[in-house]
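As structure tokens, the structure follows; a few thoughts come after it.
The values are calculated or read from the model by the stated rules, or taken from the named source; none is laboratory data. Remember, it's a predicted structure, so these values are computed and weren't measured experimentally. Every residue, glycine as well, gets a Cβ built from its backbone with ideal geometry; the counts of neighbours run over all protein chains shown.
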């Protein structure tokens, strides 16, 4: 399989993120991309650097004002007296708040501190000197991957880094800035009529769900750790089924901590069945390796064997498939689990 990756994605090198009240060294490191691509190349998959392309598809799912912020945030931040070496918000606005007689609104572009609090939802999305370049390169992997699927390629892997499934239409969250899978799915839906985004990761793809929650042309399904006491906490519950035209086109399968291969694979099988039932003509897989029992952020117990079974399961759907990289923070796991998944997927996938 072709693996799309760019060395520019390594330029995002956050210094600190927040974990349980402490600023710590980020789990989402540049090294994880090197380990991922090296492992897949060792398994015989072909690495390819995607060409430069226009970012027009990004605006199908993200607001222009948010993109403008990401482009200029670091430069404006560094103009502040005594500014930290990377952008981290120190205030967050309640978006439904308003002043009597006046609508709520985002801060002026003249206030980078105010805008940081508006457009960045947590302290896990530090913006440094190379962040925008890496984010741009990451989403270009997804755009090029979707383009290749539209041109007739059966399957392709977009090794996107930073990841994207926590990114909302106008807000960064959980290591994510642009929603790579959502951008690709929006592109594919315009041609295929209805596509599926299936997210299997220890964390719910809350940003992706939010973007498509009122749409019927994109079915979103996710298996993840129960968010009642786990990130992202506020979204990802089983009763969230879509709204308006999108009612019935959202399926969440939250799992209890300690769930192993049997429960995780069973949930993926239910999602695969739903893809068929909804009549989806193409598939975007948001793949996370952090449900593995060896991942530092996981409370699930998935194994390499489990990922192999999942690869076979989704390969057998026989749909044009774009695989988009999301989570996975153990370098040992990343060096083996993706290979097991792709081997099984490629062996079973036939259009």
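The table below gives the values:
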read-out	value
Residues (over 14 Å from residue 251 (Cβ atoms), in contact with a strand residue (DSSP E or B) (Cβ under 9 Å, 6 or more places away or on another chain) and surrounded by fewer than 24 Cβ atoms within 10 Å (Cβ to Cβ)) located in region 202-240	210, 217, 226, 227, 228, 230, 231, 232
Extreme residue, farthest from residue 126 (Cα to Cα), among residues of region 1-30 that are at pLDDT 95 or above and not in a loop (DSSP other than H, G, I, E, B)	2
Criterion violated by residue 54 - all others in (1) out of contact with any helix residue (DSSP H, G or I) (no Cβ under 9 Å at 6 or more places or on another chain); (2) part of a loop (DSSP other than H, G, I, E, B); (3) free of Cβ contacts under 8 Å to residues at least 60 places away in the same chain satisfied	(1)
Some residue of region 94-112 being surrounded by 12 or more Cβ atoms within 10 Å (Cβ to Cβ) and at pLDDT 95 or above	no
Flag if residue 160 is within 16 Å of the chain's Cα centre (by Cα) and not assigned by TED's automatic domain parsing to the domain that holds residue 49	no
Members of region 224-255 found to be under 22 Å from residue 297 (Cβ atoms) and assigned to a strand (DSSP E or B), listed by number	224, 225, 252, 253, 254, 255
Condition met for residue 316 (out of contact with any strand residue (DSSP E or B) (no Cβ under 9 Å at 6 or more places or on another chain), modelled with pLDDT of 95 or more, over 21 Å from residue 46 (Cα atoms) and assigned by TED's automatic domain parsing to the domain that holds residue 201)	yes
Positions within region 1-37 being surrounded by fewer than 16 Cβ atoms within 10 Å (Cβ to Cβ) and without any contact (Cβ under 8 Å) to a residue 40 or more places away in the chain, in sequence order	19, 20, 21, 22, 24, 25
